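*Asks:* The structure that follows is given in the form of structure tokens.
The values are calculated or read from the model by the stated rules, or taken from the named source; none is laboratory data. The shown structure was predicted, so the numbers you read here are calculated from the model rather than taken from an experiment. A quick note on method: Cβ atoms are made from the backbone with ideal geometry, for glycine too, and the neighbour counts reach across all protein chains shown.
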Amino acid sequence: MSSSNGGPSLPQERKIVTEIPGPRSRELQERRKAAVAPGVGSTLPVYTVAAGGGVIVDVDGNSLIDFGSGIAVTNVGNAHPEVVRRVSEQVAAFTHTCFMVTPYEAYVAVCERLNALTPGDHEKRTILVNSGAEAVENAVKIARYATRRPAVVVFDHGYHGRTLLTMTLTSKNMPYKEGFGPYAPEVYRMPMAYPFRSELDGPATAAEAIDRITTQIGVHNVAAVVVEPILGEGGFIEPSPGFLPAIDAFAKENGIVFVADEIQTGFGRTGRMFASEHEGVVPDLITTAKGVAGGLPLAAVTGRAELMDAVHGGGLGGTYGGNPLACEAALAVFDVLESEDLPGRARRIGEVMLPRLRAMAGRLPQIGDVRGRGAMTAVELVVPGTKTPDPGAAAAVARACHERGLLVLTAGTYGNVLRFLPPLVIPEHLLLEGLDLLEEAFQ
């Protein structure tokens, strides 16, 4: 693996010159406390001045290895030169007109590319919005409008956003839902085929979910099922084989819209352009965001033309949706994903990481499970000898990684999962060094 180091052409090395966080970051943190609402958290309060390839550089001159990618956003690397070039040209031309007022070609071009890239050879349409949560909300709106049905089915451990509806769709209470109710109506939660914690296989779990949908909701009332092909915040859970195809087949047999939430899994992250492809699932609607525009805010709903065309004119949209700067960034990302074969790089990252993580699990009894695809991998930490979640261990290991200059993220319904999302352009020597630091942090 080589690296596109981004605009600053940063040295691809870990360099620790102060404690983490350093004195300048701590000064900024004090300013933040006086200015920023405390409800907005940060995984690691080091303040960034540059990032590219596989590193993040802070205000104190420390260079950290990035195993987070801004939560799966900078798949093509930070400040990729092609993203910088196209955005720079666009910002000099115009920054905003609102596509709903006077449109522009880049929006249309992004929709064309998403229609071509997403699974399935059926006729498609796309709308562009600002965030993953907004994309999921619009997918539900479209499904309800097209089917004239009210109910939405989601699954245990799923995460879909922080707005009222997507917070309702999300499983985990703290910190996402605590104190923010009452929630949106007509949302129903079904069991997820979670290999590490479920005794049932994929088809059996799907059969249980289908039975509950049939008896407790009534299939004629269900507009959509919304599911992540690999669960993100829920703990990088890859549903047991057969689960997703069975749910998809049931939905299609009963006029229910199958919505794949590919916001964290999309754009090469799992070794395919979209995670739905691993089991041959073709969603009716697919929601994307995060990795689509190299760090600029953009999200989309792409789906079957007959569903997308059902909504009346003016029923979909938003002031900033498909901003021209973000559209140009996305067009650059699409080109880079293909020209640099970033899904292939993601597969290589998995080939490096997963055997090392499994070897660690063989030596470290607190690692209960190792899982993932491509550059979306995780370890679940438990009390040794049990499956009891150990969120304290996950937090401690993450802290030890951060102190050594390795940025990692935690996840999971129980807060006991370490998740790894390196940029797809990370150099292999940094990937290996990061794994060494992780093992050191455990020990």
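*Asks:* Failed condition for V55, given (1) buried (at least 24 other Cβ atoms within 10 Å of the Cβ); (2) closer than 19 Å to L331 by Cα, with all others met?
*Replies:* Going through (1) buried (at least 24 other Cβ atoms within 10 Å of the Cβ); (2) closer than 19 Å to L331 by Cα one by one, V55 breaks only (2).
*Asks:* Here's a follow-up. Of these, E279, E228, which one is over 16 Å from D211 (Cα atoms), surrounded by fewer than 23 Cβ atoms within 10 Å (Cβ to Cβ), touching a Gly at 6+ places or on another chain (Cβ under 9 Å) and not hydroxyl-bearing (S, T, Y)? Show your work before the answer.
*Replies:* Numbers: E228 fails: surrounded by fewer than 23 Cβ atoms within 10 Å (Cβ to Cβ).
Sole residue among the options that is over 16 Å from D211 (Cα atoms), surrounded by fewer than 23 Cβ atoms within 10 Å (Cβ to Cβ), touching a Gly at 6+ places or on another chain (Cβ under 9 Å) and not hydroxyl-bearing (S, T, Y): E279.
*Asks:* Among the residues in segment 168-183, are any of a type in the set (S, T, Y), surrounded by fewer than 17 Cβ atoms within 10 Å (Cβ to Cβ) and either part of a strand (DSSP E or B) or over 19 Å from the mean Cα position of the chain (by Cα) (or both)?
*Replies:* As a first pass, look at segment 168-183 and keep what is of a type in the set (S, T, Y): 168, 170-171, 176, 183.
Filter once more, so that each one left must be surrounded by fewer than 17 Cβ atoms within 10 Å (Cβ to Cβ): 176, 183.
Filter once more, so that each one left must be either part of a strand (DSSP E or B) or over 19 Å from the mean Cα position of the chain (by Cα) (or both): 183.
Taking every residue of segment 168-183 in turn, at least one turns out to be of a type in the set (S, T, Y), surrounded by fewer than 17 Cβ atoms within 10 Å (Cβ to Cβ) and either part of a strand (DSSP E or B) or over 19 Å from the mean Cα position of the chain (by Cα) (or both).
*Asks:* Right, something else. Scan segment 201-229 and report the pairs whose first residue is under 23 Å from V136 (Cβ atoms) and whose second residue is assigned to a strand (DSSP E or B) and small (G, A, S), with Cβ atoms within less than 7 Å and a gap of 6+ or a chain change.
*Replies:* Partner pairs satisfying both residue conditions: I217/A151; N221/A151; V222/A151; A223/A151; V227/A260; P229/A260.
*Asks:* Then there's this: Can you run down the residue pairs with Cβ atoms below 6 Å, 6 or more apart or on separate chains, where the first is in segment 384-409 and touching a residue at least 40 places away in the same chain (Cβ under 8 Å) and the partner is basic (K, R)?
*Replies:* Here the result reads G405/R14; L409/R419, each pair linking segment 384-409 to a residue that is basic (K, R).
*Asks:* Take R86 and decide whether it is not polar (S, T, N, Q) and not assigned by TED's automatic domain parsing to the domain that holds L432. Step through it out loud before you land on a result.
*Replies:* On the way: not polar (S, T, N, Q): yes; not assigned by TED's automatic domain parsing to the domain that holds L432: yes.
When the stated conditions are applied, R86 passes them.
*Asks:* Among T118, T97, T74, which is under 28 Å from I286 (Cβ atoms), in contact (Cβ under 8 Å) with a residue 40 or more places away in the chain, surrounded by fewer than 15 Cβ atoms within 10 Å (Cβ to Cβ) and not small (G, A, S)?
*Replies:* On the way: T118 fails: surrounded by fewer than 15 Cβ atoms within 10 Å (Cβ to Cβ); T74 fails: surrounded by fewer than 15 Cβ atoms within 10 Å (Cβ to Cβ).
None of the others qualify; the one that does is T97.
*Asks:* Mind checking which residues of segment 391-429 are assigned to a strand (DSSP E or B) and under 19 Å from E228 (Cβ atoms)? Talk me through it step by step, then tell me what you get.
*Replies:* The initial filter retains those residues of segment 391-429 that are assigned to a strand (DSSP E or B), namely 406-407, 409-411, 417-420.
Answer for segment 391-429, where residues must be assigned to a strand (DSSP E or B) and under 19 Å from E228 (Cβ atoms): L409, T410, A411, V417, L418, R419, F420.
*Asks:* Scan segment 121-164 residue by residue and report those that are assigned to a helix (DSSP H, G or I), surrounded by fewer than 22 Cβ atoms within 10 Å (Cβ to Cβ) and either aliphatic (A, V, I, L, M) or in contact with a Leu (Cβ under 8 Å, 6 or more places away or on another chain) (or both).
*Replies:* K141, L164
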